[in-house]
Each structure stands twice: as structure tokens, then as C-alpha cells.
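This report refers to the structure that appears directly beneath it.
Each value in this text was obtained by applying a stated rule to the coordinates, not by laboratory testing. It should be emphasised that the depicted structure is a prediction, and the values quoted were computed from it without experimental measurement. When we count neighbours, we look across all protein chains shown, and the Cβ atoms used for this are built from the backbone with ideal geometry, even at glycine.
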Amino acid sequence: GESVGLHLPTLSVQEGDNSIINCAYSNSASDYFIWYKQESGKGPQFIIDIRSNMDKRQGQRVTVLLNKTVKHLSLQIAATQPGDSAVYFCAENMGGETSGSRLTFGEGTQLTVNP
Amino acid sequence: NAGVTQTPKFRVLKTGQSMTLLCAQDMNHEYMYWYRQDPGMGLRLIHYSVGEGTTAKGEVPDGYNVSRLKKQNFLLGLESAAPSQTSVYFCASSYRLLRGGVGEKLFFGSGTQLSVL
């Protein structure tokens with residue numbers, strides 16, 4: 001079946017470096033993608049989202065890139081800080097107005113920021 | 001605003017016991033969801049609701065029941081708990097999905113750690 005997945009389960013970076021977390025998806029019909037951050041013992045928190053009619057979207061210190069040709073999504077975090085250490089999930093929306101937001105989540109990438 | 005609140009935060013059950021997880025949201029959201037999270041498997045949708053009085057099955061509904069008697073509450077029930085239901089359960093809510101995508105972002109609670117022995 002179609003699914004959303006991540007290339008790497010763990011990523012370790014030095015404080016101040018830029019981080020890139022990747023995600024591959026296979027559902028070509030998905031038109032909305034979202035990144036969540038989950039800290040230990042907490043629920044997922046929204047980071048940034050992007051529609052399929054866009055290639056790039058920027059937030060505060062974060063950028064999401066979408067490459068529809070190869071069905072690839074990435075999250076870039078600038079000047080990574082210790083507080084960025086968490087598990088990052090990508091998700092795609094497979095729902096509609098009658099079925100709500102049917103997000104399918106990837107397995108997550110554990111980001112560790114070393115001081 | 002408290003957002004999405006889940007109770008209890010932790011629970012240990014014996015096989016065969018029953019329990020209900022409560023989710024409450026104060027954002028007047030139309031849609032509510034129950035997910036389970038297991039190591040290496042991400043978040044999987046159990047059941048969801050697109051409005052008061054309505055529920056629907058998600059990806060892994062077996063062994064669970066839900067009810068949405070009030071717009072702000074979404075209950076998840078386990079009638080006869082099994083060790084395979086040991087997991088972290090997350091409730092989420094979202095605005096009504098409108099043309100153009102408003103409402104797709106989910107707001108999550110802090111989770112319930114359930115262990116079934």
C-alpha cells in the first residue's frame with residue numbers, strides 16, 4: 001500500500017549546524033504535507049506544512065521543501081539548538097471534507113543536537 | 001485555553017479488563033481523532049469523528065470503540081484489553097476541513113501510556 005516513510009531513523013548534529021530531515025512518500029494523490037515535532041513524553045506539535053502546488057515554504061528557522069517529481073519531502077532546521085532535539089514526523093493528508101484530516105504518518109527521525 | 005486534554009496519563013490493566021480514555025478539547029473543533037503510537041510504527045489512526053454523534057473507523061479499529069456524545073469530548077473504550085493494546089494513545093482535533101485545506105492541521109493531546117499485562 002502507499003505510505004509515508006523516512007530515510008533515516010536517527011540524525012545527530014552539532015549545535016549551530018543546519019539539520020536536514022528527509023521523508024519519502026508514495027501517494028501521488030496527496031496534496032498536503034505536514035511536519036510535526038515530538039519531544040519525549042509529549043504529543044506531536046505542528047512545525048510547518050506545505051501544499052502540493054508549492055515547492056518551498058519557510059517558517060521561523062525551518063524550511064520545508066517538496067519535490068513532487070521524486071515524491072520527496074524535507075525539513076531543514078537552521079542553526080540547530082539543543083531544544084530542537086526531538087523526534088520529527090512527516091505526514092500526508094489522505095482525507096477530504098467528509099472524512100476529516102486523515103493524516104498518514106511516517107515512522108519518525110530522532111534528531112539529537114550535541115553541544 | 002487548555003487545547004486538547006487527555007485523561008488519564010498513565011494506566012495499567014490486566015488482560016480482559018475494560019477502560020475508557022477521555023479526550024476533551026476547548027477549541028470548538030469539529031473533527032476529533034484517536035491515534036496509537038508504537039515504537040518504529042509512527043502514529044496509526046484508530047477511530048475518528050467528523051462531528052457530534054458521528055464516528056468512523058480508521059486504520060486499526062479492532063478492539064476499540066468510540067463515542068462522541070458531545071462536540072468537545074471523544075471517548076475511546078477498550079472492552080476487553082489485550083497485551084497487543086499496550087501503547088501510547090493520542091487524541092487530536094482539527095477544524096472543519098474546508099475547500100483549500102483549512103482544518104488539516106491536527107492539534108494533539110499529551111498522550112496516555114497504557115500497559116496491558
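For B:TYR48, neighbours were defined as the other residues whose beta-carbon sits under 9 Å from its Cβ, and their charges (Lys and Arg +1, Asp and Glu -1) total +2. Here the peptides A:62-72, B:48-58 are ranked by packing, the mean other Cβ count within 10 Å, and the order with the highest first is B:48-58, A:62-72. If only the Cβ of Lys and Arg carry +1 and only the Cβ of Asp and Glu carry -1, the dipole of the range B:4-116 around its Cα centre is close to 120 debye. Local charge for A:VAL87 was computed over the other residues whose Cβ lies under 15 Å away, with Lys and Arg +1 and Asp and Glu -1, and equals -2. Taking a Cβ cut-off of under 14 Å around B:SER115, the surrounding Lys, Arg, Asp and Glu residues balance to a net charge of +3, with basic ones at +1 and acidic ones at -1. Here the contact order of chain A, divided by its residue count and restricted to Cα pairs under 8 Å and six or more residues apart, works out to 36 percent.
Under the simplified labelling scheme, the B:GLU79-A:ILE20 pair shows an inter-label distance of 5.1 nm, with each label point 7 Å from Cα along Cα→Cβ. Taking label positions 7 Å along the Cα-Cβ direction at both A:THR112 and B:ASP26, the computed distance is 3.9 nm, reported to one decimal.
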